[in-house]
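The values are calculated or read from the model by the stated rules, or taken from the named source; none is laboratory data. It should be emphasised that the depicted structure is a prediction, and the values quoted were computed from it without experimental measurement. Using ideal geometry, Cβ is built from the backbone for each residue, glycine included, and neighbour counts are taken over all protein chains shown. These area figures cover heavy atoms from the full protein model, side chains too; ligands, DNA and RNA do not enter into them. Shrake-Rupley method; radii C 1.70, N 1.55, O 1.52, S 1.80 Å.
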Amino acid sequence: MTDYGAMNGHIETICMACDDARCDFKAMELQRRPMGPEDVVIQMKYCGVCHSDLHFAAGHMTGILGPAVYPFVPGHELSGVCTAVGEKVTKFKIGMQVGVGCMVDSCLSCAACKRGEEQMCSKQVPTYNGENKNGRAETFPVGGRTLGGYTSMMVVHERFAVLIPDSYPLQFAGPVMCAGVTMYDPLVRQGAKEGSRVGIVGLGGLGQFGIRVAKAMGCVVTVVSRSQSKEDFARRCGADHFIASGDATSMASGKNSLDIILNTVPTYHDYLVYNSLLKKTGRQVLLGLHKGLMAAFGVNALTGNNSRVIGSGIGGIAATQAVIDLCDRHKIYPEVEVVPCSELNTVYEKLDSANESGVRYVLDIEGTLKKGVVCTAPAPKLSQPDSPTLCGVMNASAQVIDLCGAPAVLHAGGSAASVDMSAYGFAVGGAQEQDGGLLGELGGISERLTALADTAGLSFTTASILGACGRWRCRMQVSRRVLLRAGVCIHSAIGRLGHTIDAGGGGLGGACAEGAAGRIVRAQCGGHDVGCSLCRWRPSGAERHRQL
């Protein structure tokens, strides 16, 4: 092995990278930063290919997370061997097996970092396309974006490296860094234990991993898929029961039977249909990277962790170490297909077409990543998904809280409000049923989504959002400092504001510019009918909303 520890300069590496959103990959010669005193240098052996790699490389997340910076090197399922360590490194030695997951740095000083949940840190740095926010994820040249795991060499701070047991095969280890912890973390958070009844929706690369992890934790596992075609595969993975969601009789057989549902479907879909399978106290956890996931995060924050549908992302470093150790003890090996780097374009096209095989694709980095490698297939033919936007997230939020499926709309304008969102600031009060409707309210958004909005360059007036139809009445109460979002005619929603709202078919509610409690703003999702439905106030041309 090369003694990289003796080097003082940057480290040369070969990466599979793409120049634009077409995702036409080829080998590029790039550089890693010089090894620091707390860094670990990894000679890469394998890297898994995650569906989210495709979303980010193809620019599908631009509406929420901002644009991808090219050349783009994805990959957050890294496995390799330590070839050098900095002078202050204590966890790793040369020759150890090492993995890296979805992040390479965080602030290390906030409450989340101190309890081992670095994924919740607001200064978390992703393994690829991330910026050096804390000084431990520098690039070379300085000031660039982090390069992911489709690479021959990796440099990472030891806090964000994971020790892979010597007995665990490296070709299986990469997917554990992402898929494994993505399934493990919500099971732990939701209190899964011996005998817990767990549902897995979707049987792709995440779902099949989830079955094995849940079974190792002693759970009874039910797989939910669109048809019976995957039942045999589900049972080979260890599933105890199977439900075909396209069959009403099959769905009815599982009614009120599950404690937890892990929904792994990667694209936006009608996930609320699965709530009928939950017990009264059960919860559905969304894991796919789409607008429903972001809506679930926001709604759960607003309701004080009481939403039936919640979101989950990755886990922290401690959880990642725990799940790789669990997989080693129980000999859990995901279904993988090891492919040469020259087939990366083909893999992306397969992932985009729903990955019916359910396997996790893994790149043979050591054996096939060489200078001059190009893909044997042309740029993949990728679909154009319903990419998440802030308006789309709020529409999904209204559906999460069961506001009869009517669209909520988000309009913006005016100047940004400076508001403390750290406590999420919203309390729903006076809930009661009228006219057969569900009383609920959606006003505000989680700190994470607020940060995303800021990243996207959006500014909002103080306002509130409601998704409703004419037969629904919603009562809301703002009890803390909170950024409420809706129309430009709202100027004074911060403080205590209690009123009954009849959205009258519009879908946007709040207090009008005249300041009279009880007066509301109405808007059609695709139109410009904005103003107070009671006092007939309308904004001037300069004040008119713009739809997101």
Notebook entry, point to check: So who's got an amide H within less than 5 Å of the one on residue 226, skipping anything under 5 residues away but keeping other chains? H placed 1.01 Å off N, in plane.
Noted result: 245
Next item on the list: Treat each spin label as a single point 7 Å out from the Cα along the C-beta direction, and report the residue 29 to residue 111 distance in nm.
Entry: 5.1 nm
Item checked: Order by protection proxy (mean Cβ within 10 Å, highest first), peptides 45-53, 130-138, 340-348 -> 45-53, 340-348, 130-138
Check: Can you list residues whose amide H is under 5 Å from residue 164's amide H, if they're 5+ apart or on another chain and H is modeled 1.01 Å from N?
Finding: 97, 98, 99
Notebook entry, point to check: Using modelled backbone amide H atoms (1.01 Å from N, in-plane), which distant-in-sequence or interchain residues come within less than 5 Å of residue 197's amide H?
Noted result: 220, 259, 260
Checklist line | Karplus 3J(HN,Hα) series, Hz, for the stretch 312-327 with 6.51 cos²θ - 1.76 cosθ + 1.60 (x for Gly, Pro) | finding: 8, x, 8, x, x, 5, 4, 5, 5, 5, 5, 6, 5, 5, 4, 4
Notebook entry, point to check: In whole percent, how big is the carbon plus sulfur part of the accessible area of the stretch 84-150, probe 1.4 Å, protein atoms only?
Noted result: 51 percent
Item checked: Rounded FRET efficiency, nearest 0.05, which uses the C-beta distance separating residue 338 from residue 256 and R0 of 45 Å -> 0.60
Check: Once phi is turned into θ = phi - 60°, what whole-Hz ³J(HN,Hα) does the Karplus curve with 6.51, -1.76 and 1.60 give for every residue of the stretch 194-204, x standing for Gly and Pro?
Finding: 3, x, 4, 9, 10, x, 10, 9, x, 10, x
Notebook entry, point to check: Between rounded, prolate and oblate, where does the stretch 165-227 land on the alpha carbon gyration tensor, with a ≥ b ≥ c its root eigenvalues, rounded for a/c under 1.5, else prolate if a/b exceeds b/c?
Noted result: oblate
Check: Per-residue HN-Hα couplings for the stretch 13-20, Karplus 6.51 cos²θ - 1.76 cosθ + 1.60 at θ = phi - 60°, whole Hz, x for Gly and Pro?
Finding: 8, 10, 10, 8, 10, 10, 8, 7
Next item on the list: Taking a cut-off of 26 Å between Cα atoms, list the lysines near residue 93, but don't count ones fewer than 8 places away on the same chain.
Entry: 45, 114, 331
Checklist line | Label-point gap, in nm, between residue 87 and residue 371 - each point 7 angstrom along Cα→Cβ | finding: 3.3 nm
Notebook entry, point to check: To the nearest 20 debye, what charge dipole does the stretch 6-64 have about its Cα centre, counting +1 at the Cβ of each Lys and Arg and -1 at the Cβ of each Asp and Glu?
Noted result: 100 debye
Next item on the list: Using the 2.2 N^0.38 Å rule of thumb for compact globular proteins, work out how the stretch 76-164 stacks up: its C-alpha Rg over that value, please.
Entry: 1.04
Note to self: Using only the Cα atoms of the stretch 269-373, what semi-axes does the equivalent ellipsoid have when each is the square root of 5 times a gyration tensor eigenvalue? Give whole Å, largest first.
What the structure shows: 34, 19, 14
Checklist line | Highest to lowest packing among 142-150, 116-124, scored as the average C-beta count within 10 Å | finding: 142-150, 116-124
Check: Looking at the square roots a ≥ b ≥ c of the eigenvalues of the Cα gyration tensor of the stretch 1-115, which shape do they give, rounded for a/c under 1.5, prolate if a/b is larger than b/c, or oblate?
Finding: oblate
